[in-house]
Amino acid sequence: MGTEQRVHEIVIVGGGAGGLELATRLGDRLGKRKRAHITLIDASPSHLWKPLLYEVAAGSLDSYAERLEYLAQGHWHHFRFRLGRMDGLDRARREVSVAPTLDEHGVEIIPRRTFAYDTLIIAVGSVANSFGVPGVMEHCIMLDTPEQAREFHRRHINACLQAHTQGDSVKPGQLTVGIVGAGATGVELAAELHDTTRELSAYGLEKIEPDKSLKLLIVEASDRILPGLPPRLSGAAADRLKELGVEMHVNERVVEVRRDGMLTASGKFIPASMMVWSAGIKAPDFLKDIDGLETNRLNQLVVKPTLQTTRDDNIFALGDCAACPMPDGRNVPPRAQAAHQQASLMAQAICRRFRGKPLLEYAYRDYGSLVALGRFSTVGNLMGGLTGGSIMIEGVMARVVYWSLHKMHQIALHGWFKTALSTYAHFISTPTRARIKLH
């Protein structure tokens, strides 16, 4: 009588764009056939596509309506979800340590636990990098999570309500939003806030004049906004922000954040009543040299082209928390499209590993960049074989392509049919929904 073979344990830590897509794919391919146990661990009970957080912060997207419950996704796609935040690793015992989960009053709901693995994939994403600048943590809001985005929205709505109901007229500078960092998040947030504040005024907060009461400003250390994108795209975005009245301070590095504004290296003080920090990213601090794994100065796990960590072939990393080399010596940029590509390759690689075949190597394919500049304006560039190089796109075409990126993520999670149905339901319900979330 033979002994029953132990089922392979695959643990995925992080349910972002890459981690959730990977858990879904592996659940459908391996979990459904009982060839492996797939466990997804995340500190949040639900998923929201991170590129949408600027819309949550501006109030144009209801994060509760758009979120996906991990437990439900796991039930539908044959993987297990476990709530918790990873804070340790024991490579010798092949165990992941997960911190206790507390409620809003500090009462322990779930005790500390460990999860055994045969294959571990770390996909915990990134967090804002304060670079040690004094005052950032005390006076700025980050946009790393839906909770932070909702907190910014609450503060902005409350400030607008206060300004509308106060006896005096809106004071100069009373509604000034300062955004540090002119990457995609900062630029998109500024444009979206311009649109949603106009909606607020139209909904009855007539004392708030969008072009006078609200002041939006961006502070960027580089010599142009969107420094990681082509200059032509950066210039088009800058022109659009100027049309919206957004004040841009380039070549200004913030060295201190105070309650009422930001001090730059040149000695300039830029007043602001609310501040958002989006000046850079890093991997979570707990990853730094975790149990001897190689990390870089941004806490990212250094990986081979196979996405295996350099010091343990049974541990993989993907997405923003992975430092994956490209042929030119740079690392793969921290973009949603990279996480999507890596999740697709990783699903194939794990299945090949089960069959004893060699792993595939990841090669980043840049399909271009798109930046939404308000409700009706988008600029970007498309790259690759379809375009024969790089072409710049604007307007309706760019907006449709930008919208399709989120749809691709939904298709990876739900398939074509369910995504089509949910998209149709969204369109037919649009006339009965407020354009901006008012609470």
Query raised in the report: Does Thr185 satisfy being surrounded by 20 or more Cβ atoms within 10 Å (Cβ to Cβ), in contact with a Pro (Cβ under 6 Å, 6 or more places away or on another chain) and either hydroxyl-bearing (Ser, Thr, Tyr) or within 27 Å of Ala238 (Cα to Cα) (or both)?
Result: no
Report task. Those residues that are surrounded by fewer than 21 Cβ atoms within 10 Å (Cβ to Cβ) and part of a strand (DSSP E or B), I need them from region 126-140; list them, please. Result -> Val127
Query - Selection status of Thr309, within 30 Å of Gln348 (Cβ to Cβ) and out of contact with any Lys or Arg (no Cβ under 8 Å at 6 or more places or on another chain) - result: yes
Query raised in the report: Which of (1) out of contact with any Asp or Glu (no Cβ under 7 Å at 6 or more places or on another chain); (2) modelled with pLDDT under 90; (3) open to solvent by less than 30 Å² (accessible area, probe 1.4 Å) is the odd one out, the single condition Glu192 does not satisfy?
Result: (1)
Query - Residue list for region 46-100, restricted to those being among the small types (Gly, Ala, Ser) and at negative phi - result: Ser46, Ala57, Ala58, Ser60, Ser63, Ala65, Ala72, Gly74, Gly88, Ala92, Ser97, Ala99
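Conditions tested, residue by residue: (1) over 15 Å from Gly181 (Cβ atoms); (2) in contact (Cβ under 8 Å) with a residue 12 or more places away in the chain; (3) open to solvent by less than 50 Å² (accessible area, probe 1.4 Å).
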| residue | (1), (2), (3) |
| --- | --- |
| Pro231 | yes, no, no |
| Ser234 | no, no, yes |
| Arg240 | yes, yes, no |
| Val246 | no, yes, yes |
| Val250 | no, yes, no |
| Val254 | no, yes, yes |
| Arg259 | yes, yes, no |
| Phe269 | yes, no, no |
Query raised in the report: Which of the residues that make up region 152-175 are part of a helix (DSSP H, G or I), hydrophobic (A, V, I, L, M, F, W, C) and open to solvent by less than 40 Å² (accessible area, probe 1.4 Å)?
Result: Phe152, Ile157, Ala159, Cys160, Ala163
Requested in this report: Out of the residues in region 361-386 that are modelled with pLDDT of 90 or more and open to solvent by 50 Å² or more (accessible area, probe 1.4 Å), state the one that is farthest from the chain's Cα centre (by Cα).
Outcome: Glu361
Query raised in the report: Which condition number does Trp277 fail, the rest of (1) open to solvent by 20 Å² or more (accessible area, probe 1.4 Å); (2) aromatic (Phe, Trp, Tyr); (3) more than 20 Å from Arg94 (Cα to Cα) being met?
Result: (1)
Report summary line: Only unsatisfied item for Asp28, checking (1) within 17 Å of the chain's Cα centre (by Cα); (2) open to solvent by 20 Å² or more (accessible area, probe 1.4 Å), is (1)
Query raised in the report: If you check Gly15 against the conditions, is it open to solvent by less than 50 Å² (accessible area, probe 1.4 Å), closer than 30 Å to Ala190 by Cβ and not in a strand (DSSP E or B)?
Result: yes
Query raised in the report: So which residues in region 210-229 are surrounded by 14 or more Cβ atoms within 10 Å (Cβ to Cβ), over 26 Å from Arg335 (Cα atoms) and of a type outside the set (A, V, I, L, M, F, W, C)?
Result: Pro210, Ser213, Lys215
Query raised in the report: Limited to region 72-125, what total is found for residues that are aromatic (Phe, Trp, Tyr) and in contact with a Lys or Arg (Cβ under 8 Å, 6 or more places away or on another chain)?
Result: 2
Query raised in the report: Is one or more of the residues making up region 184-203 more than 31 Å from the chain's Cα centre (by Cα) and assigned to a loop (DSSP other than H, G, I, E, B)?
Result: no
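The values are calculated or read from the model by the stated rules, or taken from the named source; none is laboratory data. Bear in mind the structure is a predicted one, so any value in this text is a computation, not a measurement. Here the Cβ is made from the backbone with ideal geometry for all residues, glycine too, and neighbour counts use every protein chain on show. Side chains included, ligands, DNA and RNA excluded: accessible areas come from the protein's heavy atoms. Shrake-Rupley method; radii C 1.70, N 1.55, O 1.52, S 1.80 Å.
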